[in-house]
Amino acid sequence: MTINVILGILLAGILSNNYALLHFLGTGAVIENERSTKRSMVLGLGTTLVMVLSTLITWPLDKYLLVKVPYIQTMVFVLVVLVVVEVLHLIAKNLLDNYCRSDFVKFAINGAVLGLCVHNTELGLVEALVTAAAVGIGFMLTMTLYGKLKDLAVDEDAIPASFRGLPIALLTAGMIALALVALSSISF
């Protein structure tokens with residue numbers, strides 16, 4: 001695998017293949033983000049770590065053990081993600097001093113992690129790991145962007161009453177997704 005392929009996978013995972021905005025996986029964690037920018041980055045980094053570790057475990061499981069029983073793939077992948085999150089929680093509990101205790105639940109139920117694990121079974125191991133890191137970074141950027149948007153002072157009177165709250169958050173996500181789709185259609 002060349003550096004050009006790795007850079008292409010990284011750019012695609014961060015921008016044009018953003019799971020939260022374009023695949024609508026893990027969007028709940030993004031839209032309902034009431035965290036500060038710093039906490040959003042921590043949640044995004046944690047999700048990236050869970051994605052990479054889960055891919056590192058699920059890829060060989062799928063290639064070597066689940067070949068003859070593909071119908072249990074989703075159950076096995078969910079169990080792997082839960083175990084990875086719990087092990088990380090046990091390790092980070094002492095290190096982070098309960099900084100993001102409730103965020104570990106978000107890691108475990110994040111649809112982007114499971115969707116990525118299922119998608120990565122079609123790739124080679126190195127490509128799958130690079131894709132996991134890139135998609136995690138894209139997720140982190142989306143979380144941070146939404147955290148920053150929540151920090152901005154918004155004139156509530158400028159938004160019609162029926163669009164306040166979740167509707168305006170969904171419209172914002174849609175506009176960002178349209179920009180990313182336009183970006184992905186540009187050929188260099």
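The values are calculated or read from the model by the stated rules, or taken from the named source; none is laboratory data. Fair warning: this is a prediction, and the values are worked out from it, not measured in the lab. Note: ideal-geometry Cβ built from the backbone for every residue, glycine included; neighbour counts use all protein chains shown. With ligands, DNA and RNA removed, areas are computed over all heavy atoms of the protein, side chains included. Shrake-Rupley method; radii C 1.70, N 1.55, O 1.52, S 1.80 Å.
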Discussion item. Kindly evaluate Leu129 against the criterion of being closer than 27 Å to Val50 by Cα, at pLDDT 75 or above and touching a helix residue (DSSP H, G or I) at 6+ places or on another chain (Cβ under 9 Å).
Written reply: yes
Discussion item. Pairs needed: first member in the stretch 55-81, more than 17 Å from Ala128 (Cβ to Cβ); second member anywhere, open to solvent by less than 40 Å² (accessible area, probe 1.4 Å); C-beta distance under 8 Å; at least 6 residues apart or different chains.
Written reply: Ile72/Leu66
Worksheet item: Are there any helices (runs of 4 or more DSSP H) wholly within the stretch 1-97 with 1 or more residues that are modelled with pLDDT of 75 or more, and if so which?
Response: 3-11, 37-60, 73-96
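Are any residues in the stretch 157-171 part of a helix (DSSP H, G or I) and either free of Cβ contacts under 8 Å to residues at least 24 places away in the same chain or charged (D, E, K, R) (or both), and if so, which ones?
Let us first name the residues in the stretch 157-171 that are part of a helix (DSSP H, G or I), namely 157-158, 161-163, 166-171.
Passing the criteria: Asp157, Ala158, Ala161, Ser162, Phe163, Pro167, Ile168, Leu171.
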Discussion item. Looking at the stretch 113-169 only, could you name the residues that are loosely packed, with under 12 Cβ neighbours inside 10 Å and hydroxyl-bearing (Ser, Thr, Tyr)?
Written reply: Ser162
